There are 2 protein chains.
Amino acid sequence: MKSLDSITQSKVGSRSLVLFYLGIILVVLAMAAAFSLPEDGSTPAHGASAVIFLWIAILLLVAKFSSLVERFGQPAVLGELLAGVVLGNLGMLGLHMFEPIMHDPIIAFLAELGVVILLFQIGLESNIKKLGAVGVRAFLVACVGVVVPFVLGTYVVGPWLMPGLSSSAYLFLGAALTATSVGITARVFQDLKKLDLPEAQIVLGAAVIDDVLGLIILAVVSAIVTVGAISVGAISIITGKAVLFLVGSIVLGQIIAPRLGQLFSRIHSGSGMKFTLAISFGLILAWIASLIGLAPIVGAFAAGLVLDPVHFRFFKGERNIESLIEPLGYFLVPIFFIVTGMGVKLETLMNGPVLLVALGITVVAFAGKIVAGAVAGDVRKWLVGWGMVPRGEVGLIFATIGRSLGVVTDDLFSVIVIMIIVSTVVPPIILAWLLKRDVIPQVIA
Amino acid sequence: MKSLDSITQSKVGSRSLVLFYLGIILVVLAMAAAFSLPEDGSTPAHGASAVIFLWIAILLLVAKFSSLVERFGQPAVLGELLAGVVLGNLGMLGLHMFEPIMHDPIIAFLAELGVVILLFQIGLESNIKKLGAVGVRAFLVACVGVVVPFVLGTYVVGPWLMPGLSSSAYLFLGAALTATSVGITARVFQDLKKLDLPEAQIVLGAAVIDDVLGLIILAVVSAIVTVGAISVGAISIITGKAVLFLVGSIVLGQIIAPRLGQLFSRIHSGSGMKFTLAISFGLILAWIASLIGLAPIVGAFAAGLVLDPVHFRFFKGERNIESLIEPLGYFLVPIFFIVTGMGVKLETLMNGPVLLVALGITVVAFAGKIVAGAVAGDVRKWLVGWGMVPRGEVGLIFATIGRSLGVVTDDLFSVIVIMIIVSTVVPPIILAWLLKRDVIPQVIA
């Protein structure tokens with residue numbers, strides 16, 4: 001973790017805030033000026049992509065401005081999320097200039113690539129042995145963290161807070177409460193240089209298992225709603241493929257990676273080849289994961305976990321893989337978190353009754369995961385529990401599928417969206433606080 | 001140039017070739033297997049982007065395999081272009097699996113971003129004083145290299161080889177012969193670590209001026225064809241804006257960059273901020289260039305030229321800008337050259353009469369630029385002349401506009417495309433040969 005920016009914990013002053021707002025104002029002014037420039041027709045071939053160059057620059061600069069939150073002891077990712085919330089909701093003030101960014105497929109792709117790169121980096125920084133050592137506890141945490149919110153959502157709080165919906169609707173609500181989105185937690189641990197903690201390893205492991213469980217739940221729930229019955233065979237195949245992929249990529253990967261490294265180093269032994277091999281391995285595993293129905297980030301994490309400096313001993317370049325991938329992270333990761341923040345529609349929070357119900361559901365969503373931390377064994381259980389709280393886009397996938405099946409109503413959809421918003425923005429603050437509260441002797445870097 | 005892969009000039013053996021073809025076969029097999037996997041509907045949210053992850057991995061791995069051309073003394077960029085030609089023309093063998101890559105807007109964007117990053121890197125590696133020292137000669141080379149092909153194409157060889165077309169058609173032919181595409185030449189000099197040569201500086205400077213001249217020619221030719229007359233005022237404004245941008249970005253940039261560096265270093269002084277500032281500066285200048293009608297790469301080059309290590313003296317990170325940008329180059333630059341190669345349609349070469357005419361035009365296209373090398377002063381004139389030969393996508397822009405105006409016929413379009421193909425593939429070979437023939441005492445790295 002030596003390679004991350006050092007957090008400047010200097011005097012928190014009004015100066016920082018002035019700088020911050022000055023920057024935002026400058027960027028907004030530049031945008032306004034830019035879009036008011038007349039199209040003179042003399043730019044036939046350039047310009048289509050070029051405006052995206054501008055957007056990327058703006059997102060990256062805003063992300064860096066937002067890292068001023070570090071002066072207030074918060075992880076940089078919180079700043080990026082909040083900056084995204086601000087940019088994404090300027091429409092409420094009549095400023096629609098940033099809206100094209102939200103709907104641009106290229107920015108969306110760069111954001112998704114960003115979170116894949118992030119989890120690949122996290123995998124590289126993680127230790128497969130350490131992760132294996134907490135395997136059983138991670139499995140327990142994942143199971144409890146899936147079963148408790150699912151049962152509470154489907155059979156208790158759903159029917160109680162939102163009476164009169166179909167049983168399928170409650171099923172989808174329960175399912176949407178299960179899936180952990182590990183990107184935010186991973187970034188918090190990374191920002192605060194705590195990825196080495198056993199708590200971080202448990203959360204990472206549990207998130208991977210959680211994704212497999214989520215896949216099974218999605219298949220079961222979809223089958224119940226559409227066919228009316230569960231095919232045990234189909235579920236077994238889905239589960240088998242997912243487990244096979246995870247075990248296979250880690251076991252086979254460890255056998256194949258060094259051989260591939262040796263083979264490719266014969267073609268070329270510089271940093272470029274090293275970088276290409278590593279990133280291609282990550283991207284291909286991300287793609288295979290998606291073929292099976294797992295999140296691409298699970299594949300990228302597995303790839304990072306498998307790759308080890310020893311696989312690159314045939315290469316000459318003095319720079320290690322982490323430092324070669326890092327600039328790609330600088331470029332892409334902030335795009336993911338700002339775009340995630342931009343997806344938070346504050347308008348959703350305007351509907352009073354829906355908001356109240358949503359907060360009730362959110363409490364259950366939080367409690368279900370925090371309870372899971374209790375089975376994490378001899379570690380800081382609160383940290384594990386809160387680490388599992390973020391739902392991010394995974395819960396949204398469930399809600400969207402449910403809506404497309406005609407099962408999830410508009411109100412229920414809003415409730416799920418609000419739960420996701422709150423579970424996106426709150427955990428970074430709590431995690432940072434928990435990590436600082438229990439100051440344990442630090443490992444010397 | 002220390003940071004580039006060291007070229008392994010080891011024994012040229014059949015082994016390399018076996019490895020090369022083995023790699024290509026493996027990749028093709030993997031693709032075939034991949035696309036034959038059934039879509040089981042269980043991948044609702046993942047998968048849309050994930051297949052692009054696979055494509056990127058394939059392009060990067062193919063690019064690295066293709067760097068085996070270095071064993072034959074060729075620059076890596078030639079391998080990437082040829083690998084692209086192979087991938088792009090597998091359709092002739094009935095293999096259409098790579099065709100989606102060519103038509104994907106995200107890959108196209110990454111390619112364009114790639115050449116922007118490349119010219120930004122070239123700008124960073126270039127020295128503004130050295131470039132200024134060759135300024136007059138670069139200006140002469142650019143002017144001769146624009147006037148000679150334009151006059152020959154419009155008034156001599158065009159009417160002679162393709163009689164019976166409208167005078168507007170010859171105008172567009174002449175215009176298409178003028179524009180230098182600097183990406184290929186820059187990569188060759190970079191690959192062979194010769195960017196420091198005065199010849200390289202002259203070609204870079206001339207290419208920038210060439211882009212301004214191309215803008216003026218496009219405006220003039222379009223005006224003649226559509227309005228029938230040239231508005232001196234409009235041309236002056238276009239020229240003025242372009243010159244103002246170039247002079248302004250370099251002069252103002254040198255004043256503003258260090259101040260911005262100091263300001264931003266107060267927010268954060270790590271490598272991430274350093275990277276973000278540099279890349280954002282490059283992207284914003286690329287965007288402004290495109291607003292004016294210049295190629296984004298000209299803006300990126302100017303940005304790289306302006307940035308200097310001294311602007312980052314307030315930052316703590318021990319890594320310099322070049323080494324932070326480099327991995328982004330590893331990731332994006334090969335995509336540009338492979339996609340460029342994929343654009344080469346070998347079918348175009350099948351039409352005998354068109355091919356013959358095209359080769360005649362190509363000779364003129366080459367000669368017009370090589371002659372320009374003669375005014376480069378006391379340097380290796382052949383090197384400068386050949387460095388100006390590649391036309392790349394710039395000539396294609398002229399041809400496309402001409403066709404959309406109904407002026408350029410299908411045959412004339414094919415002729416221009418063939419000229420571009422030949423001017424893309426031949427110069428890297430000649431440049432590598434010229435650079436090796438005249439072995440001059442090397443600067444010790």
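Here is a yes/no grid of residues against (1) within 12 Å of chain B (Cβ to nearest Cβ); (2) within 24 Å of A:V134 (Cβ to Cβ); (3) among the hydroxyl-bearing types (S, T, Y):
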position	(1), (2), (3)
A:A186	no, yes, no
A:D196	no, yes, no
A:E199	no, yes, no
A:T239	yes, yes, yes
A:S249	no, yes, yes
Residue among A:F337, A:F245, A:F275 that alone is at negative phi, facing another protein chain (nearest Cβ under 10 Å) and either modelled with pLDDT of 90 or more or within 21 Å of the chain's Cα centre (by Cα) (or both): A:F275
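Output the residues belonging to the stretch B:32-79 that are part of a helix (DSSP H, G or I) and at pLDDT below 55.
Here is the first cut: in the stretch B:32-79, the residues part of a helix (DSSP H, G or I) are B:32-36, B:50-72, B:76-79.
Residues satisfying the conditions are B:A32, B:A33, B:A34, B:F35, B:S36.
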Verdict on B:E125 being in contact with a Phe, Trp or Tyr (Cβ under 9 Å, 6 or more places away or on another chain) and charged (D, E, K, R): no
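Mind checking which residues of the stretch B:96-119 are assigned to a helix (DSSP H, G or I) and either small (G, A, S) or more than 11 Å from chain A (Cβ to nearest Cβ) (or both)?
At the first step, the residues of the stretch B:96-119 found to be assigned to a helix (DSSP H, G or I) are B:99-103, B:105-119.
Hits for the stretch B:96-119 are B:E99, B:P100, B:I101, B:M102, B:H103, B:A108, B:A111, B:G114, B:L118, B:L119.
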Which listed residue is closer than 18 Å to B:G299 by Cβ, without any contact (Cβ under 8 Å) to a residue 24 or more places away in the chain and aliphatic (A, V, I, L, M), from B:L215, B:L244: B:L244
Residue, nearest to the other protein chains (Cβ to nearest Cβ), within the stretch B:252-265, restricted to residues that are of a type outside the set (S, T, N, Q) and touching a residue at least 12 places away in the same chain (Cβ under 8 Å): B:F264
Residue list for the stretch A:352-370, filter: in contact (Cβ under 8 Å) with a residue 40 or more places away in the chain, within 17 Å of A:P427 (Cβ to Cβ) and of a type in the set (V, I, T): A:I361, A:T362, A:V364
Filter result for A:M92 (within 19 Å of the chain's Cα centre (by Cα) and either within 25 Å of B:F53 (Cα to Cα) or modelled with pLDDT under 90 (or both)): no
Among the residues listed as B:L294, B:L277, B:L285, B:L215, the single one being part of a loop (DSSP other than H, G, I, E, B) and crowded, with 22+ Cβ neighbours inside 10 Å: B:L294
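Across the stretch A:258-272, what is the total count of residues that are assigned to a helix (DSSP H, G or I) and surrounded by 24 or more Cβ atoms within 10 Å (Cβ to Cβ)? Can you show your working first?
Of all residues in the stretch A:258-272, those assigned to a helix (DSSP H, G or I) come to A:258-267, A:271-272.
Checking the rest, the ones that are also surrounded by 24 or more Cβ atoms within 10 Å (Cβ to Cβ) come to A:271-272.
Final tally of qualifying residues: 2.
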Output for the stretch B:170-200, where each listed residue is surrounded by fewer than 24 Cβ atoms within 10 Å (Cβ to Cβ), part of a helix (DSSP H, G or I) and out of contact with any helix residue (DSSP H, G or I) (no Cβ under 6 Å at 6 or more places or on another chain): B:Q190, B:P198
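Filtering the stretch A:150-166 down to residues that are among the hydrophobic types (A, V, I, L, M, F, W, C) and part of a helix (DSSP H, G or I), which residue is surrounded by the fewest Cβ atoms within 10 Å (Cβ to Cβ)? If you could, list the steps in order and put the result at the bottom.
Pass one, the stretch A:150-166, residues among the hydrophobic types (A, V, I, L, M, F, W, C): A:150-152, A:156-157, A:160-162, A:165.
Checking the rest, the ones that are also part of a helix (DSSP H, G or I) come to A:150-152, A:156-157, A:160-161.
Numbers: A:F150: 21, A:V151: 14, A:L152: 21, A:V156: 13, A:V157: 24, A:W160: 10, A:L161: 17.
If we take residues in the stretch A:150-166 being among the hydrophobic types (A, V, I, L, M, F, W, C) and part of a helix (DSSP H, G or I), then A:W160 is surrounded by the fewest Cβ atoms within 10 Å (Cβ to Cβ).
For the stretch A:305-319, state whether one or more residues are under 20 Å from B:L59 (Cα atoms), touching a Leu at 6+ places or on another chain (Cβ under 7 Å) and either touching a residue at least 24 places away in the same chain (Cβ under 8 Å) or not in a helix (DSSP H, G or I) (or both). Steps first, please.
Step one: of the stretch A:305-319, the residues under 20 Å from B:L59 (Cα atoms) are none.
No, the conditions are met nowhere in the stretch A:305-319.
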From the options A:F366, A:F337, A:F331, residue that is in contact with a helix residue (DSSP H, G or I) (Cβ under 8 Å, 6 or more places away or on another chain), more than 30 Å from B:E322 (Cα to Cα) and crowded, with 17+ Cβ neighbours inside 10 Å: A:F366
Selection from the stretch B:377-430 of residues that are farther than 19 Å from B:V141 by Cα, among the hydroxyl-bearing types (S, T, Y) and either touching a Leu at 6+ places or on another chain (Cβ under 6 Å) or away from every other protein chain (no Cβ under 14 Å) (or both): B:T409, B:S414, B:T424
Scope the stretch B:76-122; condition closer than 17 Å to B:S66 by Cβ and in contact with an Asp or Glu (Cβ under 9 Å, 6 or more places away or on another chain); matching residues: B:A76, B:V77, B:L78, B:G79, B:G88, B:N89, B:L90
For A:L324: the one exception among (1) of a type outside the set (G, A, S); (2) surrounded by fewer than 19 Cβ atoms within 10 Å (Cβ to Cβ); (3) touching a Lys or Arg at 6+ places or on another chain (Cβ under 8 Å): (2)
Index of the failed condition, B:F65 passing every other in (1) within 14 Å of another protein chain (Cβ to nearest Cβ); (2) within 20 Å of the chain's Cα centre (by Cα): (2)
Some residue of the stretch A:72-95 being of a type in the set (A, V, I, L, M), surrounded by 21 or more Cβ atoms within 10 Å (Cβ to Cβ) and at the interface with another protein chain (Cβ under 9 Å from one of its Cβ atoms): yes
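Among the residues of the stretch A:134-144, what is the count of those that are touching a residue at least 12 places away in the same chain (Cβ under 8 Å) and surrounded by fewer than 21 Cβ atoms within 10 Å (Cβ to Cβ)?
The initial filter retains those residues of the stretch A:134-144 that are touching a residue at least 12 places away in the same chain (Cβ under 8 Å), namely A:134-135, A:137-144.
Pick out the ones that are also surrounded by fewer than 21 Cβ atoms within 10 Å (Cβ to Cβ) and you get A:135, A:137, A:139-140, A:143.
Residues in the stretch A:134-144 being touching a residue at least 12 places away in the same chain (Cβ under 8 Å) and surrounded by fewer than 21 Cβ atoms within 10 Å (Cβ to Cβ): 5 in total.
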Meets criteria (modelled with pLDDT under 90, within 16 Å of the chain's Cα centre (by Cα), farther than 21 Å from B:A372 by Cα and not aromatic (F, W, Y)) for B:I184: no
Residue check for B:V147: more than 14 Å from chain A (Cβ to nearest Cβ), without any contact (Cβ under 8 Å) to a residue 12 or more places away in the chain and either within 22 Å of the chain's Cα centre (by Cα) or buried (at least 21 other Cβ atoms within 10 Å of the Cβ) (or both): yes
Criterion violated by A:L95 - all others in (1) farther than 14 Å from A:V344 by Cβ; (2) free of Cβ contacts under 8 Å to residues at least 60 places away in the same chain satisfied: (2)
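The values are calculated or read from the model by the stated rules, or taken from the named source; none is laboratory data. Predicted model, so just to flag it, every value in this text is computed and none were measured. Don't worry about glycine lacking a Cβ; one is built from the backbone with ideal geometry, like all the others, and counts go over all protein chains shown.
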